Amino acid sequence: AEQQNFLSDLTGSFSSPCSENPTVAMMEAVYRHQGINARYINCDVGQQQLAMAVAGAKAMGWRGFNCSIPNKQTIIDYIDELGTSARVIGAVNCVIIRDGKLTGENTDGKGFVEALKEHIDPRGKKLTLLGAGGAARAIAVESALAGASEITIINRDQQKGQALAELITQHTPARARFVHWTAGIAIDAGQDIVVNATSVGLDDAEALPDIDIESLKPTQFVADVIPNPPQTALLRKAADQGCQTLNGLNMLVNQGALNLAYWFDRRADKAPMKKVLQQLFTG
Ligand code: NDP
């Protein structure tokens, strides 16, 4: 008989607060599904504990871990090698440990672009982003690195929006411009892809970003980062305008798939991850 192995590979997450983070459910489901002898441990780790947590993960031979609030920037101090987009974005949410060496990646934007590419290739396209926070930053950088030609940042806070536009123009091959968000703002007919990267719609199926919905054209592709509820008011109204749409659940699933690929050098089966999130988000 085959010898028993009671030693699991360890992975997990360092963030605080973390009790509402569903990643553990998604990762353990895919590990089980693919017969990977690994655990994912959701750890409440804030700024004060990060150094010890990282040392602990190294000591215990963890394969890697995710980082979320408040550690996405601070973790960079402990990283030996940064992925290209993580360096430009200035934030890391996935760490890979190999031979005691830490590599940092940012999978927020990668997860989004991968989901987008299943429907439309951003190469050469004009993309409009609503928002200029962490998710918008990751999506803007990754879309630019994937070949989007022009990126328009629409944001309420001028300083944040301008800074993101400058970052894109200076550090990627894409051109970017900032547009100040005014109530009921119309989306240019020349835009190919429109992405809501604000938090509007999170936990509120009726909340709608304050744009002129009727300005959306059937040729435009509309995506939302909001994973819960997946079918946001924006996506429903965009579909009424004849637009093709993409919800934020796919982005989250793709981030889980990237975790697995980075930590175990294996292709992830996305179906069990998607199923878990759908069950959790529809209650
Ligand atoms: P941040 O707090 O960094 O940024 C929030 C952004 O939303 C800011 O640009 C802010 O504008 C804008 N915003 C908030 N309220 C409004 C409003 N009423 N009208 C217009 N703009 C508004 O958050 P994150 O970027 O980290 O996250 C944003 C969303 O993305 C969250 O809901 C999160 O759930 C989702 N997300 C989804 C992921 C996925 O995998 N599906 C991954 C990561 C995030 P201003 O600058 O003017 O304040």
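Residues whose amide H lies under 5 Å from that of L102, counting only those 5 or more places away or on a different chain, are D80, E81; hydrogens are built 1.01 Å from N in the peptide plane. Projecting the Cα atoms of A238, N259, A186 onto the dipole axis of the chain, where Lys and Arg carry +1 and Asp and Glu carry -1 at the beta carbon, places N259 farthest toward the positive end. Measuring nothing but protein heavy atoms, the accessible surface of the chain at 1.4 Å probe radius is 48 percent carbon and sulfur. Over the stretch 92-137, Cα pairs under 8 Å with separation of 6+ residues give a relative contact order of 25 percent. Extension gain, K270 to S215: 0.36 nm times the residue separation minus the Cα-Cα distance gives 16.4 nm. Counting only DSSP beta bridges with both residues in the chain, the antiparallel share comes to about 20 percent. Structural size metrics of the stretch 1-85, computed from C-alpha coordinates, are Rg and Dmax of 14.2, 48 Å.
The E206 and Q3 beta-carbon pair, evaluated with R₀ = 45 Å, returns a calculated FRET efficiency of approximately 0.20. Taking the square roots of 5 times each eigenvalue of the Cα gyration tensor of the stretch 1-145, largest first, gives ellipsoid semi-axes of 29, 19, 14 Å. The accessible-area ordering, largest first, of the residues T172, T282 stands as T282, T172, per a 1.4 angstrom probe.
Amide H to amide H, with H built 1.01 Å from N, A38 comes under 5 Å of D9, counting only residues 5 or more places away or on other chains.
Considering only I151, P209, T172, the residue lying farthest towards the positive end of the dipole of the stretch 116-244 is T172, judged by Cα position with unit charges set on Cβ. From the P(r) of the stretch 68-149, can you give the percent of Cα pairs sitting at distances over 18 Å? The answer is 42 percent, as a whole percent.
Other residues with beta-carbon under 13 Å from the beta-carbon of G83 carry, at +1 per Lys or Arg and -1 per Asp or Glu, a net charge of -3. In this rough spin-label picture, where each label sits 7 Å from Cα along the Cβ direction, the D121-T182 distance is 3.8 nm. Say we join alpha carbon atoms closer than 10 Å with springs in a Gaussian network model of the chain; which of G161, G46, G64 then has the biggest fluctuation? Top of the fluctuation ranking is G46. Scanning residues 5 or more positions from A176 or on other chains, those with amide H under 5 Å from its amide H are I151, T169, with H placed 1.01 Å from N in the peptide plane.
For the stretch 196-283, a simple Cβ point-charge model (Lys and Arg +1, Asp and Glu -1, everything else neutral) yields a dipole of about 540 debye relative to the Cα centre.
Pop a pseudo-label 7 angstrom from the Cα along the beta-carbon direction at both T84 and Q170 and give the gap in nm to one decimal. Distance between the two pseudo-spin positions: 2.0 nm. Accessible surface for the stretch 139-269, divided over its residues, is 43 Å² per residue with a 1.4 Å probe.
Taken along its three principal axes, the alpha carbon spread of the chain comes to 64, 38, 32 Å, from the longest extent down to the shortest. Helical content of the chain, expressed as a calculated mean residue ellipticity at 222 nm, amounts to -10500 deg cm²/dmol (DSSP H runs of 4 or more residues, -39,500 (n - 2.57) each, divided by residue number, nearest 500).
Candidates A268, P218, S68 compared by Cα position along the dipole of the chain: farthest toward the positive end lies A268, with charges placed on Cβ. Contact order, relative form, for the chain: 15 percent (alpha carbon pairs under 8 Å, 6 or more residues apart, mean separation divided by residue count).
Here D80 sits with roughly 90 square angstrom of accessible surface, probe radius 1.4 Å. Simple point charges give the picture: +1 on the Cβ of Lys and Arg, -1 on the Cβ of Asp and Glu, and for the stretch 1-135 a dipole about the Cα centre of about 340 debye. Karplus-based coupling profile of the stretch 4-21, in residue order and whole Hz: 6, 10, 9, 9, 8, 6, 10, 9, x, 9, 10, 7, 7, x, 9, 5, 9, 7, with θ = phi - 60° in 6.51 cos²θ - 1.76 cosθ + 1.60 and x standing for Gly or Pro.
Taking Lys and Arg as +1 and Asp and Glu as -1, the other residues whose beta-carbon sits under 13 Å from that of V24 total -1.
Among the listed pairs K101/K160; K160/K270; K101/K275; K110/K217; K72/K217, those with a Cα-Cα distance over 31 Å are K101/K160; K160/K270; K101/K275; K72/K217.
The values are calculated or read from the model by the stated rules, or taken from the named source; none is laboratory data. Given the structure is predicted, the values throughout are model-derived calculations rather than measurements. Cβ atoms come from the backbone with ideal geometry, glycine included; neighbour counts cover every protein chain shown. Quick note on the areas: whole protein, heavy atoms, side chains included, nothing else; ligands and nucleic acids left out. Shrake-Rupley method; radii C 1.70, N 1.55, O 1.52, S 1.80 Å.
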